[in-house]
Amino acid sequence: MTELVAPRVSVPAVLARARDHLLARQDPAGWWRGLLETNVTMDAEDLLLREIVGIRQPDDTAATATWIRSRQRPDGTWSTFHDGPPDLSASVEAYLALRLAGDPPDASHLTRAASQIRAAGGLPGTRLTTRCWLAMLGLWNWDALPAPPPELILLPRWAPFSVYRWASWTRQTVVPLAVIAAHRPIHRLPFDLRELGVGRPHPVRHKLTLAGRHPTRPLRRLALRRCESWILDRQEADGSWGGTRPATCYSILALPGGHPARERALNGLDRFTVRSAEGRWVEACQSPVRDTTLAVIALTDAGVPGDHPAVVAAANWILAEEVRRTGDWARRRPHGRAGGWSFQFDNDLFPDTDDTAHAVLALLRARTTGNARRVDAAVRRGCEWLIAMQSTDGGWGAFDADNTSRLPRTLPFADAGAVTDPPSADVTAHVVEALCHGGAGGTTAVRRGVDWLLRAQEEDGSWFGRWGVNHVYGTGAVLPALAAARAHVDGDRGDRITDAVDGGVAWLTACQQPDGGWGEDPRSYRDRSWVGRGPATASQTAWGLLALLAGTAPPGTASPGTALPGTALPGTALPHTAPLGAAPSGIAPGGTALPRTAPGGTGPAEAMGRAAEWLAAHQRPGGGWDEPHHTGTAVPGHLYVNHHLHRVVFPICALARYAARRPGAA
C-alpha cells in the first residue's frame with residue numbers, strides 16, 4: 001500500500017470552500033455552465049459577420065475592440081492561447097477587426113502588428129478560413145482560394161472525398177464554405193490592407209479545386225440545392241448549427257438573405273456573447289452538459305449525497321438532455337440505437353461519446369429510489385450506444401466511428417489540423433471507465449478498448465490527449481480507466497495493465513514540478529519538447545493527482561460518492577456482461593498496490609502529497625482557482641479552450657479522493 005503524505009494544509013477546509021463555491025454556481029434549472037474562452041478570432045469573426053449581414057452596432061464594436069486590444073501581445077501580435085507564440089491568422093483577423101472598429105493604421109498598436117504580420121509572410125500565409133473572410137470583404141481574390149466545391153455533397157458516403165470522410169465539426173464548416181465560395185459574395189470595406197504587404201496569392205493547383213471552379217451548370221445547381229438542404233436539416237432548435245459558433249457563422253452566410261433559418265440563427269447570436277470589464281467577447285460554443293455531469297461527479301466525490309436537492313435537480317436536467325434522435329453518426333453505425341449526450345444546450349444531431357461517458361458516470365452517482373428506473377434506462381441506452389460507436393480498431397472517436405481516412409488531409413482546403421475524428425486515448429479511456437461502472441465491464445467492447453489503450457501508450461509511459469492539453473490530460477484519463485477495467489480482466493491482459501499503469505505513474509512523477517503542480521503547454525501538440533512542460537495549472541495538477549491516486553490505490557478502497565445507494569445496477573447488465581463490480585472511478589484494481597519511484601527519487605506518495613498541497617495553497621478565498629491558461633483542446637495546433645469550470649470540478653475530485661485515501665488527515 002502506498003501511504004500518502006499529509007499536506008501542511010487542511011484538505012477538508014479547502015474541499016468545503018470549493019464545494020460551496022460550486023453549489024452556488026448552479027442554475028435554478030439544475031445545470032452548471034462555465035465560460036469557454038478561445039481566442040480573438042472568434043471575436044473578430046463576429047464583427048466581420050455582423051458587418052457583412054448589416055447588423056453591426058457601434059457599442060458592440062467598441063466593446064469587442066477593447067477586448068481584442070487587451071489580448072494583444074507586447075510585440076503587436078495575437079496568439080491562439082494564453083502566453084502562446086504569435087499566430088499569423090489570429091493576428092490578421094484581429095488587425096482587420098480593429099480597422100473595422102475605426103482604429104487608424106498609423107496607431108502604434110497597429111503599426112507593431114502590421115510589421116509582425118509582414119515579417120511572417122502576410123495574408124498568403126493565413127489559414128483558409130481567414131482568407132475566406134478576406135475574400136468576402138474584397139481583400140482577397142476568390143480565384144486564388146482553394147475552396148471546397150459544393151459537388152462534394154453529391155458523393156456517396158463510401159466515396160474517397162465524401163463529406164462524411166470528414167470529422168463532424170469539419171463537414172459542418174466545409175459544406176457551407178463550399179456554398180459561399182460557389183457564390184463568391186463580396187462586401188467591400190471602405191479601406192484596404194495594403195499596409196500589411198498583402199503579397200501575391202498562392203496559385204491553386206489541386207485538380208479537385210480546379211474542377212470546382214469550372215463546374216457543369218446543371219450539376220452545380222443540383223449540388224447547391226443539396227448543400228442548402230443539408231444545412232437546413234442540421235439547424236438546431238436555438239437557431240445554431242451544432243451549438244457551435246463557427247458552423248453557425250458559415251451557415252448563416254451560406255443561406256440567402258431573408259431566409260427564415262438565417263433569421264433564426266441571427267436572432268440567437270447573442271447567446272454566445274460574454275460582456276465583462278475587459279470588453280465584449282464571444283464563446284465558440286457552450287458546455288452545459290459536460291459541466292453539469294462533471295459537477296455531479298465532483299460534488300458526490302466531496303460527500304454530497306445523491307439525494308441532495310442540487311444533485312437531484314442536476315440528474316433530472318441530464319436525463320432530459322439525452323439525445324434520442326438519430327444523427328450523422330448513424331451513417332456508419334446504422335443499427336445503433338440513439339441514446340447519447342451532447343456537449344451543448346441544443347445539439348440533437350451530434351451527440352459525442354466523451355460526454356455520454358461522463359453522463360453515465362454522473363447518473364450512476366445521482367441514482368436514488370426516486371429516479372432509479374429512469375436512470376437505469378438512460379444508463380443502459382448510453383452504454384449500448386457507446387458500444388455501437390466503437391471503431392473497428394477497438395478505440396473510440398468523439399462523434400463518429402471509423403472516421404480515420406487520410407484522404408481529407410491531402411486536399412488544399414484541409415489546413416485546419418484535425419479534420420478527421422480517429423479514436424483517441426482520452427475518449428477511449430472515458431468510455432471504458434463508463435462501461436465498467438455502467439454494467440458492461442465484462443463485454444468484448446471493454447476488452448478491445450483496453451487493448452487499444454495499451455497499444456496507444458507512448459514510449460515515455462504517457463498517453464496523448466486529444467481534447468485536453470495534452471499528455472497530462474491523456475494520462476490522467478487512462479489510469480483511472482485501466483484501474484476500473486482491471487477488475488474485469490485477468491491473465492496476460494491484467495499483467496499488461498499493471499505494466500502500463502507502472503509506466504504512467506513513473507512518467508507523471510518524473511514530470512511533476514518542484515512546487516507540486518503539473519502543467520503542459522499546448523505547443524506539445526507540435527513540439528515534443530513541451531510534453532509534460534508548462535506553467536502549473538489547477539486542472540492539470542488535478543489530472544495528475546487523480547491519475548496517481550488511480551494507479552497506486554490499495555485494493556478495496558472507495559472514493560467518496562461512489563458507494564452511494566444505487567451505484568450498482570443489479571438486474572440491468574447488458575447482454576453478455578458481468579455484474580457491475582469494478583472499483584469506483586479513480587480507484588485501483590483489485591490487486592497489489594504498486595508503489596513506484598521516479599528516476600529522481602520522488603515516489604508517488606510524496607508526489608500526491610505535494611500535489612494536494614499545491615491545490616490547497618492556490619485556492620482563492622471564494623473557493624475556486626485561477627487558471628488563465630488554455631488546458632482544453634478543440635483543434636490541436638489551431639484552437640484551444642479555457643474551460644472556466646474545469647479549474648473547479650477537477651480539483652474537487654482530486655482532493656476528495658485524496659482525502660478518502662487518507663482519512664483523518666488535517
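Go through region 275-303 residue by residue and tally those that are more than 18 Å from Gly239 (Cα to Cα) and buried (at least 16 other Cβ atoms within 10 Å of the Cβ).
In the first step, residues of region 275-303 are kept if they are more than 18 Å from Gly239 (Cα to Cα); the result is 275-281, 289-303.
Filter once more, so that each one left must be buried (at least 16 other Cβ atoms within 10 Å of the Cβ): 279-281, 289-303.
Total meeting the criteria: 18.
Please find, among Arg33, Arg19, Arg99, the residue that is closer than 26 Å to Asp291 by Cα, in contact (Cβ under 8 Å) with a residue 60 or more places away in the chain and in a helix (DSSP H, G or I). Give the derivation first.
Values: Arg33 fails: in a helix (DSSP H, G or I); Arg99 fails: closer than 26 Å to Asp291 by Cα.
From the options Arg33, Arg19, Arg99, the qualifying one is Arg19.
Can you tell me which residues in region 308-344 are more than 29 Å from Leu23 (Cβ to Cβ) and buried (at least 24 other Cβ atoms within 10 Å of the Cβ)?
Answer for region 308-344, where residues must be more than 29 Å from Leu23 (Cβ to Cβ) and buried (at least 24 other Cβ atoms within 10 Å of the Cβ): just Trp329.
Which residue is nearest to Thr244 (Cα to Cα), if the candidates are limited to region 160-189 and must be assigned to a helix (DSSP H, G or I) and small (Gly, Ala, Ser)? Talk me through it step by step, then tell me what you get.
First pass over region 160-189, keeping only residues assigned to a helix (DSSP H, G or I): 163-165, 168-183.
So of that shortlist, the ones also small (Gly, Ala, Ser) come out as 168, 178, 181-182.
Numbers: Ser168: 12, Ala178: 18, Ala181: 21, Ala182: 23 Å.
The extreme case among them is Ser168.
Where residues in region 392-416 are at pLDDT below 95 and among the hydrophobic types (A, V, I, L, M, F, W, C), which of them is farthest from Gly125 (Cα to Cα)?
In this case the residue turns out to be Leu407.
Can you tell me which of Ala94, Ala113, Ala65 is closer than 19 Å to Val641 by Cβ, more than 23 Å from the chain's Cα centre (by Cα), buried (at least 23 other Cβ atoms within 10 Å of the Cβ) and not assigned by TED's automatic domain parsing to the domain that holds Gly468?
Numbers: Ala113 fails: closer than 19 Å to Val641 by Cβ; Ala65 fails: closer than 19 Å to Val641 by Cβ.
Exactly one of Ala94, Ala113, Ala65 is closer than 19 Å to Val641 by Cβ, more than 23 Å from the chain's Cα centre (by Cα), buried (at least 23 other Cβ atoms within 10 Å of the Cβ) and not assigned by TED's automatic domain parsing to the domain that holds Gly468, namely Ala94.
Considering only residues that are at pLDDT 95 or above and among the acidic types (Asp, Glu), look in region 1-53 and name the one that is nearest to Ala313 (Cα to Cα).
Restricting to residues being at pLDDT 95 or above and among the acidic types (Asp, Glu), the top hit is Asp27.
Here are Ser79, Ser108: which of them is out of contact with any Leu (no Cβ under 7 Å at 6 or more places or on another chain) and touching a residue at least 24 places away in the same chain (Cβ under 8 Å)? Spell out the reasoning first.
On the way: Ser108 fails: touching a residue at least 24 places away in the same chain (Cβ under 8 Å).
Testing whether each residue is out of contact with any Leu (no Cβ under 7 Å at 6 or more places or on another chain) and touching a residue at least 24 places away in the same chain (Cβ under 8 Å) leaves just Ser79.
Restricting to region 64-90, and then to whatever is hydrophobic (A, V, I, L, M, F, W, C) and not in a helix (DSSP H, G or I), can you tell me which residue is farthest from Leu100 (Cα to Cα)? Even if it seems obvious, please write down each step before you answer.
In the first step, residues of region 64-90 are kept if they are hydrophobic (A, V, I, L, M, F, W, C); the result is 65, 67-68, 78, 81, 88, 90.
Applying the additional criterion that residues be not in a helix (DSSP H, G or I) yields 78, 81.
Values: Trp78: 17, Phe81: 23 Å.
Among those residues, the one meeting the criterion is Phe81.
Which residues, taken from region 368-401, are surrounded by fewer than 24 Cβ atoms within 10 Å (Cβ to Cβ), touching a helix residue (DSSP H, G or I) at 6+ places or on another chain (Cβ under 8 Å) and not hydrophobic (A, V, I, L, M, F, W, C)?
Thr368, Gly370, Asn371, Arg374, Arg380, Asp393, Gly394 - these are the residues of region 368-401 that are surrounded by fewer than 24 Cβ atoms within 10 Å (Cβ to Cβ), touching a helix residue (DSSP H, G or I) at 6+ places or on another chain (Cβ under 8 Å) and not hydrophobic (A, V, I, L, M, F, W, C).
Here's the yes/no breakdown for (1) surrounded by 23 or more Cβ atoms within 10 Å (Cβ to Cβ); (2) touching an Asp or Glu at 6+ places or on another chain (Cβ under 6 Å); (3) over 17 Å from Gly517 (Cα atoms):
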| residue | (1), (2), (3) |
| --- | --- |
| Asp626 | no, no, no |
| His630 | yes, no, no |
| Asn642 | no, yes, yes |
| Ile652 | yes, no, no |
| Leu655 | yes, no, no |
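Any residue at all in region 36-48 that is under 26 Å from the mean Cα position of the chain (by Cα), free of Cβ contacts under 8 Å to residues at least 24 places away in the same chain and not in a helix (DSSP H, G or I)?
Taking region 36-48 first, the residues under 26 Å from the mean Cα position of the chain (by Cα) are 36-48.
Filter once more, so that each one left must be free of Cβ contacts under 8 Å to residues at least 24 places away in the same chain: none.
No; the residues of region 36-48 include none that is under 26 Å from the mean Cα position of the chain (by Cα), free of Cβ contacts under 8 Å to residues at least 24 places away in the same chain and not in a helix (DSSP H, G or I).
Based on what the data block shows, is Leu482 closer than 17 Å to Ala607 by Cβ, out of contact with any Asp or Glu (no Cβ under 8 Å at 6 or more places or on another chain) and not small (Gly, Ala, Ser)? Break it down stepwise before answering.
Details: closer than 17 Å to Ala607 by Cβ: no; out of contact with any Asp or Glu (no Cβ under 8 Å at 6 or more places or on another chain): yes; not small (Gly, Ala, Ser): yes.
No, not satisfied.
With respect to Asp75, determine if the residue is under 29 Å from Asn470 (Cα atoms), at pLDDT 95 or above and more than 29 Å from the chain's Cα centre (by Cα). If you could, list the steps in order and put the result at the bottom.
On the way: under 29 Å from Asn470 (Cα atoms): yes; at pLDDT 95 or above: yes; more than 29 Å from the chain's Cα centre (by Cα): yes.
Answer is yes for this residue.
Taking region 122-157, which residues are at pLDDT 90 or above, over 30 Å from Arg99 (Cα atoms) and in a loop (DSSP other than H, G, I, E, B)?
Pro149, Leu155, Pro156
Does Leu137 count as in contact with a Ser or Thr (Cβ under 9 Å, 6 or more places away or on another chain), surrounded by 15 or more Cβ atoms within 10 Å (Cβ to Cβ) and within 30 Å of Ser229 (Cβ to Cβ)?
So Leu137 fails the test.
Out of curiosity, is Thr475 more than 23 Å from the chain's Cα centre (by Cα) and among the polar types (S, T, N, Q)?
Working: more than 23 Å from the chain's Cα centre (by Cα): no; among the polar types (S, T, N, Q): yes.
Against the criterion (more than 23 Å from the chain's Cα centre (by Cα) and among the polar types (S, T, N, Q)), Thr475 does not qualify.
Taking Val419 as meeting all but one of (1) within 21 Å of the chain's Cα centre (by Cα); (2) buried (at least 20 other Cβ atoms within 10 Å of the Cβ); (3) at pLDDT 95 or above, write down the number of the exception.
(3)
Looking only at region 402-415, count how many residues are touching a helix residue (DSSP H, G or I) at 6+ places or on another chain (Cβ under 8 Å) and either free of Cβ contacts under 8 Å to residues at least 12 places away in the same chain or surrounded by fewer than 21 Cβ atoms within 10 Å (Cβ to Cβ) (or both). Spell out how you get there, then give the answer.
First pass over region 402-415, keeping only residues touching a helix residue (DSSP H, G or I) at 6+ places or on another chain (Cβ under 8 Å): 403, 405, 407-408, 411-415.
Checking which are either free of Cβ contacts under 8 Å to residues at least 12 places away in the same chain or surrounded by fewer than 21 Cβ atoms within 10 Å (Cβ to Cβ) (or both) leaves us with 405, 407, 411-412, 414-415.
Qualifying residue count, region 402-415: 6.
Residues that are within 17 Å of Gly417 (Cα to Cα) and surrounded by 18 or more Cβ atoms within 10 Å (Cβ to Cβ): does region 117-127 have at least one?
Taking region 117-127 as the starting set, the residues that turn out to be within 17 Å of Gly417 (Cα to Cα) are 125-127.
Going one step further and asking which of them are surrounded by 18 or more Cβ atoms within 10 Å (Cβ to Cβ), we end up with 126-127.
Looking through region 117-127, at least one residue is within 17 Å of Gly417 (Cα to Cα) and surrounded by 18 or more Cβ atoms within 10 Å (Cβ to Cβ).
State whether the residues of region 614-623 include one that is in contact with a helix residue (DSSP H, G or I) (Cβ under 7 Å, 6 or more places away or on another chain), closer than 21 Å to His82 by Cα, at pLDDT 95 or above and among the aliphatic types (A, V, I, L, M).
yes
Pick from Ala605, Ala656: which is modelled with pLDDT of 95 or more, in a helix (DSSP H, G or I), farther than 23 Å from Phe464 by Cβ and touching a helix residue (DSSP H, G or I) at 6+ places or on another chain (Cβ under 8 Å)? Before the answer, list the steps.
Details: Ala605 fails: modelled with pLDDT of 95 or more.
Within the list Ala605, Ala656, the selection yields Ala656.
Looking for something more than 24 Å from Arg275 (Cβ to Cβ) and touching a Phe, Trp or Tyr at 6+ places or on another chain (Cβ under 6 Å) - is there at least one such residue anywhere in region 87-102?
Taking region 87-102 first, the residues more than 24 Å from Arg275 (Cβ to Cβ) are 87-89, 91-92.
Adding the requirement that they be touching a Phe, Trp or Tyr at 6+ places or on another chain (Cβ under 6 Å) leaves 91.
Yes.
In region 345-367, what residues are part of a loop (DSSP other than H, G, I, E, B) and either surrounded by fewer than 24 Cβ atoms within 10 Å (Cβ to Cβ) or basic (Lys, Arg) (or both)? It would help to see each step written out before you state the result.
First, pick out the residues of region 345-367 that are part of a loop (DSSP other than H, G, I, E, B): 345-351, 366-367.
Within region 345-367, Phe345, Asp346, Asp348, Leu349, Arg367 qualify.
The values are calculated or read from the model by the stated rules, or taken from the named source; none is laboratory data. Worth saying up front: this structure is predicted, and the values here are computed from it rather than measured. Cβ sites come from the backbone with ideal geometry, for glycine too, and all protein chains shown count toward neighbours.
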